[in-house]
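**Student:** Sharing a structure below in structure tokens format, with a few things to ask.
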Amino acid sequence: MSTAAPNKFKEMEKDIIKLTINDRQVIAKKGVTVLEAALNAGIYIPTLCYDPDLKPYGGCRLCVVEIEGMWGLVSSCTTPATDGMVVQTETPSINQTRRITVELIIANHHGDCLACAKSQDCELLKIARYLGIEEDRVERLRKGTQVFSVDKSHPAFIRDLNKCILCARCVRACQEIVCHDAIDIAFRGNLARIATFGDKPIAESICKSCGECVARCPTGALVPKWEKPPAEEVKTVCPYCGVGCSIYLGVLDNRVISVRGDPQGSANRGSLCVKGRWGYDFINHPERLTAPLIRIPGVSRGAGQNGKVHEIFHEASWDEALKLAANKLLELREAHGADSIAALSSAKCTNEDNYVMQKFVRAVIGTNNIDHCARLCHASTVVGGIAAFGQGAMSNSYSDFEKTELFFIIGSNTTECHPIIGSTIKRRLRFAGAKLIVADPRSIELGEHAAVRLPHKPGTDVALLNGLMHVIIRDGLEDKEFIRERTEGFEDMRRLVERYTPEAVEAITGVPKSDLEAAARLFGEAKSACILYGMGITQHTTGTDNVKSVANLLLLTGNIGREGTGFSPLRGQNNVQGACDMGALPNVYPGYQKVDDPAVKKKFETAWGCKLIDRPGVTVTEIADAILGGEIKGLYVMGENPMLSEPHLEHTRQALEQLEFLVVQDIFLSETAWLADVVFPAAAFAEKDGTFTNTERRIQRIRQAVPPPGEAKADWGIISALAEKMGKRFSYQSAGQIMEEIASLTPIYGGIRFWRLGQDGLQWPCPDTSHPGTCFLYQDGFARGRGKFHAVEYIPPAELISKKYPLVLTTGRILEHWHTGTMSRRSNVLNELYPNGVVEMSPIDAARLGFIEGDLVVVNSKRGRVEAPLHITEKSPPGVIFMPFHWREAAANILTNDALDPLAKIPEYKVSAVNAVRRRKKIR
Ligand code: SF4
Ligand code: SF4
């Protein structure tokens with residue numbers, strides 16, 4: 001007989017304790033507090049300052065209990081439970097003490113419960129009732145010692161210190177969970193109160209508007225401005241960035257009225273950033289498209305956005321709009337061949353939408369001309385990752401970060417672009433002793449927390465990474481066994497980096513050699529290190545080289561294929577990983593199966609019942625040239641906005657205006673939709689079912705919470721209807737049915753079914769329905785066999801500064817906005833927090849040019865000019881200016897360089913040569 005089971009129980013017994021609470025025997029896990037032991041056993045103890053996600057505080061003194069052998073009353077939230085302990089939680093003396101404590105709190109509380117937004121959900125009121133304190137006594141007790149003016153400065157929430165009970169949950173949440181340190185307890189004794197850093201109104205403080213404090217406040221001291229209880233909540237996923245935070249949409253009268261972070265969500269554990277928390281009112285925006293639109297005959301595309309909608313388009317029925325689109329696409333195919341049509345799929349849409357779109361392009365139109373915005377952000381990750389490991393996705397998971405000893409962040413402003421990951425890293429640094437290296441030309445927030453900062457010049461990443469590897473090899477810190485057992489190509493790489501001495505690298509990058517050496521030693525000596533990177537690495541003409549260099553450093557130190565290590569490209573849009581997985585790319589079917597592989601082609605031909613072609617199509621960044629060259633005549637754009645997202649926008653505009661036929665499918669009349677011949681109104685994320693795949697390869701369910709406005713439909717439904725008009729029946733009844741087809745054709749999604757995705761989704765590869773999903777990749781081997789080193793030589797950016805254009809322009813995102821602003825600029829809170837685009841410049845450059853804060857400046861490149869107000873900041877190093885790309889009124893991409901990485905075809909958004917002149921003085 002096996003002895004495994006009894007031993008296992010013995011092991012488990014070591015982890016548990018037994019105690020007696022209110023004469024009941026209770027079993028608890030070792031390490032819990034008395035309060036937690038009681039709560040877990042279903043024994044209620046009132047408390048106002050306890051929060052399971054925060055450290056024990058013992059501030060409110062309501063959770064007092066009697067413990068045999070201990071003198072007086074002890075706070076149960078700070079007392080560890082021990083074996084054999086005997087606890088009483090409800091004696092007359094305890095209740096009397098609690099009553100006095102609550103009455104004292106109430107006496108210092110000015111709130112008028114009837115008028116308070118939180119009255120239905122106030123924890124203080126609930127506890128007062130529990131302790132039998134009558135409502136009229138509550139009213140009589142309330143007198144307060146100080147009266148505060150209510151802080152209404154923030155567009156999303158109100159801060160009313162008159163209702164604050166000093167439980168400090170908000171302060172602790174701000175410091176311990178999101179690590180923004182925007183508030184603290186000021187003063188002592190009776191004067192104690194919560195204050196922002198610098199005691200400013202919240203909107204003028206360093207508050208990041210994440211709302212973590214609001215979500216944790218037990219009373220009405222911090223409440224959203226429009227607090228109304230929803231009638232129901234629907235679990236889904238945030239529609240903004242690739243972190244993939246799990247949320248509950250609050251619904252009332254068929255409208256989304258609130259968002260709450262899901263405490264069980266593995267990506268966010270209840271936290272959200274400013275966009276996820278407050279940026280959802282775009283769903284109900286009056287500018288939502290509600291009916292198909294057809295361009296009025298004779299109205300040119302040049303009429304653009306300056307006209308009124310009804311002067312450019314007329315509303316049409318679905319039948320009329322679909323027929324027109326079908327006939328025009330069939331005509332183009334007949335006259336010029338299938339390759340005269342291209343389509344852009346969407347990283348904002350679901351996996352099911354993207355799957356149906358690429359199937360439509362391949363099986364109905366008959367071309368591989370399908371791509372999407374991954375080309376503009378992480379195409380080089382896919383190419384470089386496949387070259388090094390055989391796979392281009394993030395190798396590790398967020399849960400892995402909990403085991404990472406050293407984070408190396410290069411080319412990612414993580415706290416602005418992936419805020420929840422930014423907070424996770426800050427927590428690891430603050431509470432777990434992890435260390436951080438930051439390499440970024442700009443002074444980003446995480447740099448303040450770094451053990452070593454490497455402020456390299458834009459576009460010198462390869463030289464920097466080669467320099468780090470030079471020092472690691474020189475000092476014997478490479479992982480020799482890993483290199484021998486699991487890699488190839490080491491010698492070539494070693495020979496090349498031999499030339500990248502710290503002195504040579506300092507000359508190229510501007511990074512002092514001592515800092516380079518310190519960072520190399522830190523990385524080489526770490527037991528577990530991971531590299532996180534963003535578009536600062538990928539958006540270069542050397543983007544693929546940069547990614548290969550990142551991979552080299554991981555292979556060199558054996559920091560891949562183990563827990564706590566890894567290759568972490570931080571994907572941009574909510575479903576950019578999924579859109580790539582679904583084959584919305586010109587060279588691969590779903591699951592990265594190559595279009596020119598005969599066996600793969602045959603498989604899809606059999607499944608889809610049609611002939612397919614094996615010639616890869618054109619990329620997003622080649623489409624404009626192909627239109628201007630007359631090869632592409634028709635374009636179908638689903639949920640993308642190339643009129644703001646492409647580099648060298650004037651070139652894009654010329655191309656789109658020359659198209660014979662343009663269909664745009666979107667939720668708003670985007671800058672691109674204004675140029676369309678037919679516009680299809682689509683459902684937003686909250687109005688449809690499906691899945692998104694986040695940056696850690698986690699496939700998560702999104703669920704319909706409200707109906708789409710007017711006649712808008714789910715994207716896959718629109719495409720299916722168009723396919724039918726073009727003679728091919730897509731008979732999908734639901735998104736779940738589409739996922740079953742995806743799973744049947746896509747080995748990495750083979751085990752994905754809606755019914756399996758439950759609370760937290762599954763991470764691919766997940767080859768069959770019994771597979772639990774894969775937390776981190778490459779444990780037993782790389783997808784390509786051995787990990788491959790590449791000898792990568794530094795190549796300067798395509799465009800260098802000159803006398804005429806002496807500044808480097810680099811572009812990126814900011815915390816409050818998203819991509820081309822179609823959603824975030826239609827959110828009142830986000831718009832109010834950050835209303836317009838700016839040009840960020842260093843104080844040194846500003847002084848040299850005679851500019852002052854708020855001046856209206858004109859930035860010129862070889863490709864165009866843009867005006868925007870100036871913001872002088874130390875974040876920009878001398879010689880480098882920064883512009884976010886979210887505003888059409890200050891469209892940074894008018895200026896950016898459309899030179900491409902030769903392999904990934906990603907443009908060099910991060911380095912353009914520009915000049916700046918003052919237009920006129922304007923004080924903001
Ligand atoms: S909103 Fe976020 S950053 Fe601002 S005070 Fe609250 S927790 Fe801190
Ligand atoms: S971090 Fe990303 S996914 Fe999470 S709430 Fe913010 S925008 Fe949404």
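The values are calculated or read from the model by the stated rules, or taken from the named source; none is laboratory data. Small disclaimer: the values here were computed from a predicted structure and weren't measured. Note: ideal-geometry Cβ built from the backbone for every residue, glycine included; neighbour counts use all protein chains shown.
**Student:** What are the pairs with Cβ atoms under 7 angstrom where one residue, in the stretch 480-491, is without any contact (Cβ under 8 Å) to a residue 60 or more places away in the chain and the other, located anywhere, is of a type outside the set (Gly, Ala, Ser) and surrounded by 11 or more Cβ atoms within 10 Å (Cβ to Cβ)? Sequence gap at least six, or different chains.
**Tutor:** Listed by first residue and then by second, the contacts come to nothing, as the list is empty.
**Student:** Let me ask another. Looking at the stretch 525-559 only, could you name the residues that are part of a strand (DSSP E or B) and out of contact with any Gly (no Cβ under 7 Å at 6 or more places or on another chain)? If you could, list the steps in order and put the result at the bottom.
**Tutor:** Let us first name the residues in the stretch 525-559 that are part of a strand (DSSP E or B), namely 529-533.
Those that are part of a strand (DSSP E or B) and out of contact with any Gly (no Cβ under 7 Å at 6 or more places or on another chain): 529, 531, 532.
**Student:** Quick one: is residue 171 under 28 Å from the mean Cα position of the chain (by Cα) and within 16 Å of ligand 2 (Cβ to nearest atom)?
**Tutor:** The answer is no for residue 171.
**Student:** What pairs come up if the first residue lies in the stretch 90-115 and is in a helix (DSSP H, G or I), the second is small (Gly, Ala, Ser) and surrounded by 12 or more Cβ atoms within 10 Å (Cβ to Cβ), and their beta carbons are under 8 Å apart, counting only those six or more places apart or on different chains?
**Tutor:** So the pair list comes out as 102/128; 106/128; 107/144; 113/119.
**Student:** If you go through the stretch 224-247 one residue at a time, how many are more than 19 Å from residue 689 (Cβ to Cβ) and away from ligand 2 (no atom under 16 Å from the Cβ)?
**Tutor:** Residues flagged as more than 19 Å from residue 689 (Cβ to Cβ) and away from ligand 2 (no atom under 16 Å from the Cβ) within the stretch 224-247 amount to 7.
**Student:** Scan the stretch 734-752 and report the pairs whose first residue is polar (S, T, N, Q) and whose second residue is crowded, with 21+ Cβ neighbours inside 10 Å, with Cβ atoms within less than 7 Å and a gap of 6+ or a chain change.
**Tutor:** These pairs meet every condition: 746/590.
**Student:** Residue 395 passes all but one of (1) under 19 Å from residue 618 (Cα atoms); (2) of a type outside the set (Phe, Trp, Tyr); (3) in contact with a strand residue (DSSP E or B) (Cβ under 6 Å, 6 or more places away or on another chain); (4) in a loop (DSSP other than H, G, I, E, B); which number fails?
**Tutor:** (1)
**Student:** Just the residues that are more than 28 Å from residue 430 (Cα to Cα), small (Gly, Ala, Ser) and assigned to a helix (DSSP H, G or I), please, taken from the stretch 443-463.
**Tutor:** Scanning the stretch 443-463 gives a single hit, 463.
**Student:** So which residues in the stretch 418-452 are touching a Cys at 6+ places or on another chain (Cβ under 7 Å), buried (at least 20 other Cβ atoms within 10 Å of the Cβ) and of a type outside the set (S, T, N, Q)? Quick ask: steps written out before the conclusion?
**Tutor:** Quick first cut of the stretch 418-452, residues touching a Cys at 6+ places or on another chain (Cβ under 7 Å) only: 418-420, 423, 426-427, 430.
After this cut, where a residue has to be buried (at least 20 other Cβ atoms within 10 Å of the Cβ) as well, the list is 418-420, 423, 426.
Listed by number, the residues that qualify are 418, 419, 420, 426.
**Student:** Only one of these is in contact with a helix residue (DSSP H, G or I) (Cβ under 9 Å, 6 or more places away or on another chain), among the acidic types (Asp, Glu) and away from ligand 2 (no atom under 16 Å from the Cβ): 253, 319, 281. Name it.
**Tutor:** 319
**Student:** For the stretch 543-590, what are the residues that are over 30 Å from residue 637 (Cα atoms) and basic (Lys, Arg)?
**Tutor:** 548, 562
**Student:** Here's something else I'd like to know. Is the stretch 289-301 home to any residue that is of a type in the set (D, E, K, R), at pLDDT below 95 and either touching a Leu at 6+ places or on another chain (Cβ under 7 Å) or within 9 Å of ligand 2 (Cβ to nearest atom) (or both)?
**Tutor:** Yes, that holds for at least one residue.
**Student:** Please identify the pairs in which a residue from the stretch 196-213 that is near ligand 1 (Cβ under 10 Å from one of its atoms) has its Cβ atom under 8 Å from the Cβ atom of a residue that is acidic (Asp, Glu), counting only partners at least 6 apart or on another chain.
**Tutor:** 197/181; 197/184; 202/151; 206/181; 209/816
**Student:** So which of 177, 158, 165 is surrounded by 15 or more Cβ atoms within 10 Å (Cβ to Cβ), on the phi < 0 side of the Ramachandran plot, touching a residue at least 60 places away in the same chain (Cβ under 8 Å) and more than 13 Å from ligand 1 (Cβ to nearest atom)?
**Tutor:** Working: 177 fails: more than 13 Å from ligand 1 (Cβ to nearest atom); 158 fails: more than 13 Å from ligand 1 (Cβ to nearest atom).
Testing whether each residue is surrounded by 15 or more Cβ atoms within 10 Å (Cβ to Cβ), on the phi < 0 side of the Ramachandran plot, touching a residue at least 60 places away in the same chain (Cβ under 8 Å) and more than 13 Å from ligand 1 (Cβ to nearest atom) leaves just 165.
**Student:** Taking the conditions exactly as written (within 16 Å of ligand 1 (Cβ to nearest atom) and among the small types (Gly, Ala, Ser)), does residue 220 satisfy them or not? Step through it out loud before you land on a result.
**Tutor:** Numbers: within 16 Å of ligand 1 (Cβ to nearest atom): yes; among the small types (Gly, Ala, Ser): yes.
In short, yes.
**Student:** State the number of residues belonging to the stretch 246-296 that are more than 16 Å from ligand 1 (Cβ to nearest atom) and on the phi > 0 side of the Ramachandran plot.
**Tutor:** Number satisfying all stated conditions: 2.
**Student:** Filter the strands (runs of 3 or more DSSP E) completely within the stretch 807-924 down to those with at least 3 residues that are of a type outside the set (D, E, K, R). Give the derivation first.
**Tutor:** Details: elements: 807-812, 839-841, 856-861, 864-872, 880-884, 912-920.
Output list reads 807-812, 856-861, 864-872, 880-884, 912-920.
**Student:** Residue 206 fails exactly one of the following numbered conditions: (1) more than 10 Å from ligand 2 (Cβ to nearest atom); (2) hydrophobic (A, V, I, L, M, F, W, C); (3) surrounded by 15 or more Cβ atoms within 10 Å (Cβ to Cβ). What is the number of that condition?
**Tutor:** For residue 206, the failing item is (3).
**Student:** Right, something else. Yes or no: the stretch 223-245 includes at least one residue that is over 22 Å from the mean Cα position of the chain (by Cα), aliphatic (A, V, I, L, M) and crowded, with 18+ Cβ neighbours inside 10 Å.
**Tutor:** yes
**Student:** Since residue 310 meets every condition but one in (1) in contact (Cβ under 8 Å) with a residue 60 or more places away in the chain; (2) surrounded by fewer than 24 Cβ atoms within 10 Å (Cβ to Cβ), which condition does it not meet?
**Tutor:** Unmet for residue 310, out of (1) in contact (Cβ under 8 Å) with a residue 60 or more places away in the chain; (2) surrounded by fewer than 24 Cβ atoms within 10 Å (Cβ to Cβ): (1).
**Student:** Which condition number in (1) out of contact with any strand residue (DSSP E or B) (no Cβ under 9 Å at 6 or more places or on another chain); (2) more than 16 Å from ligand 1 (Cβ to nearest atom); (3) within 28 Å of residue 261 (Cα to Cα) is the one that residue 386 fails?
**Tutor:** Going through (1) out of contact with any strand residue (DSSP E or B) (no Cβ under 9 Å at 6 or more places or on another chain); (2) more than 16 Å from ligand 1 (Cβ to nearest atom); (3) within 28 Å of residue 261 (Cα to Cα) one by one, residue 386 breaks only (3).
**Student:** Taking the options 799, 793, 741, name whichever one is closer than 30 Å to residue 479 by Cβ and acidic (Asp, Glu). Don't jump to the end; show me each part of the working.
**Tutor:** On the way: 799 fails: closer than 30 Å to residue 479 by Cβ; 741 fails: closer than 30 Å to residue 479 by Cβ.
Checking each option against the conditions leaves just 793.
**Student:** On to the next question. In the stretch 271-387, which helices (runs of 4 or more DSSP H) lie fully inside it and hold 1 or more residues that are within 30 Å of the chain's Cα centre (by Cα)?
**Tutor:** 274-278, 351-359, 374-377
**Student:** Another question, then. Regarding residue 896, is this residue buried (at least 16 other Cβ atoms within 10 Å of the Cβ), farther than 24 Å from residue 446 by Cβ and of a type in the set (Ser, Thr, Tyr)? Full working, then the answer.
**Tutor:** Details: buried (at least 16 other Cβ atoms within 10 Å of the Cβ): yes; farther than 24 Å from residue 446 by Cβ: yes; of a type in the set (Ser, Thr, Tyr): yes.
Criteria met by residue 896.
**Student:** Return only the number of the condition from (1) within 16 Å of ligand 1 (Cβ to nearest atom); (2) within 27 Å of residue 698 (Cβ to Cβ); (3) crowded, with 23+ Cβ neighbours inside 10 Å that residue 815 does not satisfy.
**Tutor:** (3)
**Student:** List pairs: first residue in the stretch 578-601 and farther than 22 Å from residue 699 by Cβ, second residue of a type in the set (Asp, Glu) and surrounded by fewer than 24 Cβ atoms within 10 Å (Cβ to Cβ) anywhere in the structure, Cβ distance under 7 angstrom, at least six positions apart or on different chains.
**Tutor:** Sorted first by the residue in the stretch 578-601, then by its partner, the pairs are 595/614; 596/614; 601/614.
**Student:** Tell me which of these residue 194 doesn't satisfy, since it passes every other one: (1) of a type in the set (Val, Ile, Thr); (2) at pLDDT below 95; (3) over 19 Å from residue 165 (Cβ atoms); (4) not in a loop (DSSP other than H, G, I, E, B).
**Tutor:** (3)
**Student:** Right, next: For the stretch 677-717: of the residues being part of a strand (DSSP E or B) and under 30 Å from residue 300 (Cβ atoms), which is farthest from ligand 1 (Cβ to nearest atom)?
**Tutor:** Residues of the stretch 677-717 that are part of a strand (DSSP E or B), as a first pass: 678-682, 690-693, 698-702, 713.
So of that shortlist, the ones also under 30 Å from residue 300 (Cβ atoms) come out as 678-682, 713.
Values: 678: 43, 679: 38, 680: 38, 681: 35, 682: 32, 713: 37 Å.
For the stretch 677-717, the residue satisfying everything is 678.
Yes/no matrix, rows are residues, columns are (1) closer than 18 Å to residue 242 by Cα; (2) touching a Ser or Thr at 6+ places or on another chain (Cβ under 9 Å); (3) at pLDDT 95 or above:
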residue: 399; (1), (2), (3): yes, yes, no
residue: 403; (1), (2), (3): no, yes, no
residue: 422; (1), (2), (3): yes, yes, yes
residue: 452; (1), (2), (3): no, no, yes
residue: 455; (1), (2), (3): no, yes, yes
